[in-house]
Structure formats: structure tokens, C-alpha cells
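Below is one structure; the comments refer to it alone.
The values are calculated or read from the model by the stated rules, or taken from the named source; none is laboratory data. In this text, all values refer to a predicted model and were calculated from it rather than measured experimentally. Positions of Cβ are generated from backbone atoms using ideal geometry, with glycine treated the same way; all protein chains shown enter the neighbour counts.
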Amino acid sequence: MNEADKLCTHFLSLGIEAEKLRKHPLEKAGVWGVLTRTSYPCRVRVAGKNIGYVGVIKASSEYGTAYHLDYLVPLKDTPSPLCRAKLRTKTQSFWSTDIIDIEWKGETLADTLNGDLNLKQRLLEEFRLNKPLTIEITPEPAYQSARLKTRAGGTGFHFPSRNMFDCLDRIAAHVIKTAELLNEGAGTVK
């Protein structure tokens, strides 16, 4: 069983409808790998959520193999370059690993995410219970999507808990709303 099969099984166990794809429906010949500087041998479609697709990335180094997940959020129009944000964690001290606060950095999207106090609380609870994720949101014009790049520290394959997936899906909802507002304000980019 490969990583995409394991991820599908995990999503199904959480009550999230998912299926493995051989090829992304929007994929143009070779574009997926060119854009990410890696190949996506494992892709999963998620149904009924703001997140549409999940790419499984394998990264090997001298310290071991780690798998990262990229979540694609399909958008109605080409995403604005301003639809970016990066999550920053704050610890008690320089040497501490205890996360005491989080903050989104970026443009309009970061302001929206920082204003969602319920999301902030849920992410802090998740990070206290499980390994914290780095989350970076970038536009993905080739797929008319936004990408939520996630990475957990260490090696191995870190499946999202149901709470973490729900947080990511809530982030995706903010991405969709912000992208629509940015495109309306600037005229839709085609």
C-alpha cells in the first residue's frame, strides 16, 4: 500500500470521502512536477470539502524520509498574487518548544485568518496535542487553485487528525472567500 492509499484509508476512517487519482483533472502534460520541482506520484481527491485535492510529497535526506501534504483549494477564477499567507508560531522562549501563540503573516488573507479567533484556538489546541505544522498558502494559477503547503517536523508520514483537517478546510474556506473578494475588487484576472 503506497502513501496515497494510506492517506485515502485514513481520510475514510475520519469520515472524509476520498479517492486516489492517477492524474489531476486540471493537470497539463508535465505541469504539476514543473511547478513544484518535484513529481506528485500520489494524488488524492477529497469530496464535499473546500479542499479539493491532496498531493503527497516524498522528501528524502540523510536523516530519513519525510512525507509532506499539499492541499489544493479549487477557485472560481485565477487566484490573486495577494492570496498568500504563512503561519508563524511563537514559543515561550528561544529554547522552548511549547507553542503559546500563532500569527499569520501576509496580505489580506493573513488579516482574515488572524481575525478568526476560533480557528486560532483550534490550531493552538491541535499543536499542543500533536506535532505542529508549518502552513504556507500560495496561489497556484496553473490549477486555478490555492495551495496549502503543510510540513510537520521530523521524518515519517504524519496524517492529519480530524481536527487538523477541519482547521485546514476552514482555512481553505477563508482562502476561497478572500480570493473572490480580491478578484472582485481588482476585476477578475483571466
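Could you check the range 39-57 and list, in sequence order, the residues that are at pLDDT below 85 and either β-branched (Val, Ile, Thr) or out of contact with any helix residue (DSSP H, G or I) (no Cβ under 7 Å at 6 or more places or on another chain) (or both)? Show your work before the answer.
Step one: filter the range 39-57 for residues at pLDDT below 85, giving 39-43, 56-57.
Hits for the range 39-57 are Pro41, Val56, Ile57.
Look at the range 110-160 and say how many of its residues are touching a residue at least 60 places away in the same chain (Cβ under 8 Å), farther than 17 Å from Lys177 by Cα and outside any strand (DSSP E or B).
Of all residues in the range 110-160, those touching a residue at least 60 places away in the same chain (Cβ under 8 Å) come to 112-113, 139-152, 154-160.
From what's left, farther than 17 Å from Lys177 by Cα: 142-143, 149-152, 154-160.
If we keep only those that are outside any strand (DSSP E or B) too, we end up with 142-143, 154-155, 158-160.
Total satisfying the criteria: 7.
Within the range 58-106, take every residue that is at pLDDT below 80 and of a type in the set (Phe, Trp, Tyr) and give me the one that is surrounded by the fewest Cβ atoms within 10 Å (Cβ to Cβ).
Tyr63
Pairs, please: C-beta under 6 Å, at least 6 apart or cross-chain, first residue in a loop (DSSP other than H, G, I, E, B) and in the range 80-108, second surrounded by 13 or more Cβ atoms within 10 Å (Cβ to Cβ) and of a type in the set (Asp, Glu)?
Within 6 Å, the pairs are Leu82/Glu107.
If we scan the range 114-130, do we find a residue that is of a type in the set (Lys, Arg), touching a helix residue (DSSP H, G or I) at 6+ places or on another chain (Cβ under 9 Å), buried (at least 19 other Cβ atoms within 10 Å of the Cβ) and at pLDDT 90 or above?
no
Here are Glu136, Glu184: which of them is touching a Lys or Arg at 6+ places or on another chain (Cβ under 6 Å) and surrounded by fewer than 18 Cβ atoms within 10 Å (Cβ to Cβ)?
Numbers: Glu184 fails: touching a Lys or Arg at 6+ places or on another chain (Cβ under 6 Å).
So the residue among Glu136, Glu184 that is touching a Lys or Arg at 6+ places or on another chain (Cβ under 6 Å) and surrounded by fewer than 18 Cβ atoms within 10 Å (Cβ to Cβ) is Glu136.
Pairs only if they're at least six apart or on different chains, beta carbon under 8 angstrom, first in the range 1-17 and surrounded by 12 or more Cβ atoms within 10 Å (Cβ to Cβ), second among the acidic types (Asp, Glu) and part of a loop (DSSP other than H, G, I, E, B); list them, first residue then second.
Short answer, once both residue conditions are applied: Phe11/Glu17.
Return only the number of the condition from (1) closer than 25 Å to Ala66 by Cα; (2) under 16 Å from the mean Cα position of the chain (by Cα); (3) not hydrophobic (A, V, I, L, M, F, W, C) that Lys105 does not satisfy.
(1)
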